[in-house]
Amino acid sequence: MNHLVNYVNAILDAPSPRRARLDGSSRDSWTDQGYTVVAEQSTYVFDDGAVIQRTTEQDDYPAEAACAECWIRYEVIHQPSGDAIQPGHISFNNACREAFWRRYFSPEAPTAPGCGPSASPKQPA
C-alpha cells in the first residue's frame, strides 16, 4: 500500500520517497461577514503517475489559538498503476492536525507548514 502521507510530504517539500510537480493552481478570495476568505486549489503530478489535489481555505479572522482554524484537504484524483494510495482523501480543520497526522505516519518527523497560500511550497517550474 502507498500511504497518502508520502505524497503529502512530497507536496510540502518534506522527506518522501515520491517526487511532486505542481501541475496547476487557482486562487479565489471573497468577503464573508467582513473577513477575507482565501481558497487555493493546487494539483500535483507525481513520479509514479499519481495526481493529487490540495485544497486550502483560510480567513483573516483574528485568532488567539496556537493553531488557527483553516481547512486543508488532499484528494487522490488519479491512482498510480499498481499499488493504490490509501487513504484516498483526508481533511483537516487546522495545520496542527495535519502536522500530527504527518508525524504519526511518516518515517521521519516533518514540520508543520501551516495553512493557506504561503503553505504550498511547490511552485510552477
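The values are calculated or read from the model by the stated rules, or taken from the named source; none is laboratory data. Bear in mind that the values here come from a model prediction, so they are computed numbers and not experimental data. As a convention, Cβ positions derive from the backbone with ideal geometry for all residues, glycine included, and neighbour counts pool all protein chains shown. Accessible surface areas use protein heavy atoms only, side chains included; no ligands, DNA or RNA. Shrake-Rupley method; radii C 1.70, N 1.55, O 1.52, S 1.80 Å.
Using the crude model of +1 on Lys and Arg Cβ and -1 on Asp and Glu Cβ, and no other charge, please compute the dipole size for the stretch 8-70 relative to its Cα centre, in debye to 20.
400 debye
What number comes out for accessible area per residue over the chain if the probe is 1.4 Å? Units Å², please.
Accessible area per residue: 57 Å².
Using unit Cβ charges (K, R positive; D, E negative) and no other charged atoms, how large, in debye to the nearest 20, is the dipole of the chain about its Cα centre?
Dipole of the chain, to the nearest 20 debye: 400 debye.
Carbon and sulfur: what percent of the chain's accessible surface (1.4 Å probe)?
47 percent
Going from the alpha-carbon gyration tensor of the chain, what semi-axes, largest first and in whole Å, does one get by taking the root of 5 times each eigenvalue?
Listed largest to smallest, the semi-axes of the chain are 25, 17, 12 Å.
Given 0.36 nm per residue, what is the gain on full extension from M1 to E75 after removing their alpha carbon distance, in nm?
Difference between extended and current length: 25.0 nm.
Report, to the nearest 10°, how far helix 95-105 tilts away from the longest principal axis of the Cα atoms in the chain, using its own Cα long axis and a range of 0 to 90°.
20 degrees
Sticking with the crude label model, points 7 Å out along Cα→Cβ, report the distance from R103 to D28 in nm, one decimal please.
3.4 nm
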